[in-house]
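The next block holds one structure in the form of structure tokens; read it before the comments.
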Amino acid sequence: VQLQASGGGLVQAGGSLRLSCGASGTSLTFNYMGWYRQAPGKQRELVALISSGGTVRYADSVKGRHTISRDNAKNTVYLQMTSLKSDDTAVYLCYADYATRRYWGQGTQVTVSS
């Protein structure tokens, strides 16, 4: 199983970005897909998760600004990020799980300039 993330980049504060992560090498429908992030010198933290049935979970820091969505047929998860802040600067890691197995993508850098 491979998770391939894309969509990161450099954006000014207040701007928007859309991240995508597609899974390959499997026909599994993951229980949860989503995003974590890790900034330099900080621990990895949850950004957002979405279940196969559409239940979502967000970190308090992104509620109301970011929206997670998913296309089960394409095994792809998206993160629409708006009103970006400098605190959103991090490597964003794609995540998926099935039963007890967890999978991670390689990450995509998001840099927000103030």
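Name the lysines eligible as straight-distance cross-link partners of Lys42: C-alpha to C-alpha under 21 Å, and not fewer than 8 places from it in the same chain.
Cross-link targets: Lys63, Lys85.
Taking amide H atoms as placed 1.01 Å from N in the peptide plane, list the residues 5 or more away in sequence, or in a different chain, whose amide H sits under 5 Å from that of Thr89.
Here the answer is Val112, since their amide H atoms fall under 5 Å of that of Thr89.
Give the lysines whose C-alpha is closer than 20 Å to that of Lys74, dropping any in the same chain fewer than 8 places away, or say none.
none
Please state, as a whole number in µm²/s, the translational diffusion coefficient that the Stokes-Einstein equation yields for the stretch 19-63 at 20 °C and 1.002 mPa s, with Rh defined as the Kirkwood radius across alpha carbon pairs.
It diffuses with D of about 178 µm²/s by this estimate.
If you project the alpha carbons of the chain onto the principal axes, what extent comes out on each, in Å, largest first?
Extents along the principal axes: 41, 25, 22 Å.
Using a 1.4 Å probe over the heavy atoms of the protein chains, calculate the carbon and sulfur portion of the accessible area of the chain as a whole percent.
Here carbon and sulfur together make up 45 percent of the probe-accessible area.
When only Cα pairs under 8 Å and 6 or more residues apart are kept, what is the percent relative contact order across the chain?
37
The values are calculated or read from the model by the stated rules, or taken from the named source; none is laboratory data. Only a predicted model underlies this, so the values are computations on that prediction, with no experimental measurement involved. SASA here: full protein model, heavy atoms, side chains in, ligands and nucleic acids out. Shrake-Rupley method; radii C 1.70, N 1.55, O 1.52, S 1.80 Å.
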